[in-house]
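The structure under discussion appears below in the form of structure tokens.
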Amino acid sequence: MIDVSDLDQKIDAVFADRDILPADVPHLDLYMDQVLSLFEQGLSAMRRDPADKLLTKTMVNNYVKEGLVTPVRGKKYTREQIMQLLCVYHLKQTLHLGDVKALTGRSDTDFEACYTRLLASKARMREAIPPLLREYLPADTDDPNERLSLCLALSEISVYLRRLCESLIDDIPEQI
């Protein structure tokens, strides 16, 4: 039987993620390697496996090519493009790239303001969600049935939330 404190530690660890703050993003344009370093240093705690790459040159180039991020002028990325990349990074964890493009591939969006609001929302979620999880989660995650049941329930919650995002995306008017 797993100790309840072990499950508490897992919940605490999941909600102790670190973000790149807008103040961490320089007000000057960055080369690709500098952008990648910013992501690696600021989001390294988000990796499941230390070998995972959070962002690669190929990913960024594909995001630009697919219209998720505005095209680069020269070889440097603006602060706005970095904010756009941060939004893409967060969205691509749960949404299809076409849906991410519908949200980030626009010229009518203030990405820094949206990212700042995300951070404020995450702070509120970090306060509200762990107590709910502790109340409703089974304590014995060593039991294969309990573990599967828990993962099914958590997965279903993510499906509900993804569907809500998709519904909001489906209501986006076409950009002229």
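The values are calculated or read from the model by the stated rules, or taken from the named source; none is laboratory data. This one's a predicted model, so the numbers in the text were calculated from it and none came from an experiment. In this analysis, Cβ positions are derived from the backbone assuming ideal geometry, glycine residues included, and neighbour counts consider all displayed protein chains. Side chains are part of the model used for accessible areas, which takes the heavy atoms of the whole protein and leaves out ligands, DNA and RNA. Shrake-Rupley method; radii C 1.70, N 1.55, O 1.52, S 1.80 Å.
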Suppose R0 equals 41 Å; then what is the FRET efficiency for T116 and L148 from their Cβ-Cβ distance, rounded to the nearest 0.05?
-> 0.60
DSSP-assigned coil residues among trypsin sites (Lys or Arg not before Pro) in the range 13-114, each with at most 14 further Cβ atoms within 10 Å | R18, R47, R48, K53, K75, R106
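Roughly to the nearest percent, how much of the accessible area of the range 1-84 is carbon and sulfur, given a 1.4 Å probe?
Details: 2780 of 5290 Å².
The nonpolar share, carbon plus sulfur, comes to 53 percent.
Sort 128-134, 112-118 by packing, meaning the average of other beta carbons within 10 Å per residue, with the highest value first. All intermediate terms of the calculation are to be shown ahead of the outcome.
On the way: 128-134: 12.6, 112-118: 15.0.
Ranking, from highest mean packing down: 112-118, 128-134.
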Among the lysines, which have Cα under 20 Å from the Cα of K101 when same-chain residues fewer than 8 positions away are ignored?
-> K57, K65, K92
Residue span A123 to R48: 0.36 nm per residue of separation minus Cα-Cα distance leaves a gain in nm of 24.9 nm
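Just round it to a whole percent: the fraction of Cα-Cα distances in the range 1-75 exceeding 14 Å.
Numbers: 1983 of 2775 pairs.
Tail of P(r) above 14 Å: 71 percent of Cα pairs.
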Separation in nanometres of the label points that stand 7 Å from Cα toward Cβ, at L28 and N62 = 3.2
If one computes the Cα centroid of the range 151-176 and of the range 1-65, what distance in Å separates the two points?
-> 23
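What does the net charge come to around A23 if you take all other residues with beta carbon closer than 13 Å to its beta carbon, with K and R at +1 and D and E at -1?
On the way: positive: R79; negative: D19, D24, E112.
Net of charged neighbours comes to -2.
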Over the chain, the sum of -39500 (n - 2.57) across DSSP H runs of at least four, divided by residue number and rounded to 500 deg cm²/dmol, gives at 222 nm -20000 deg cm²/dmol
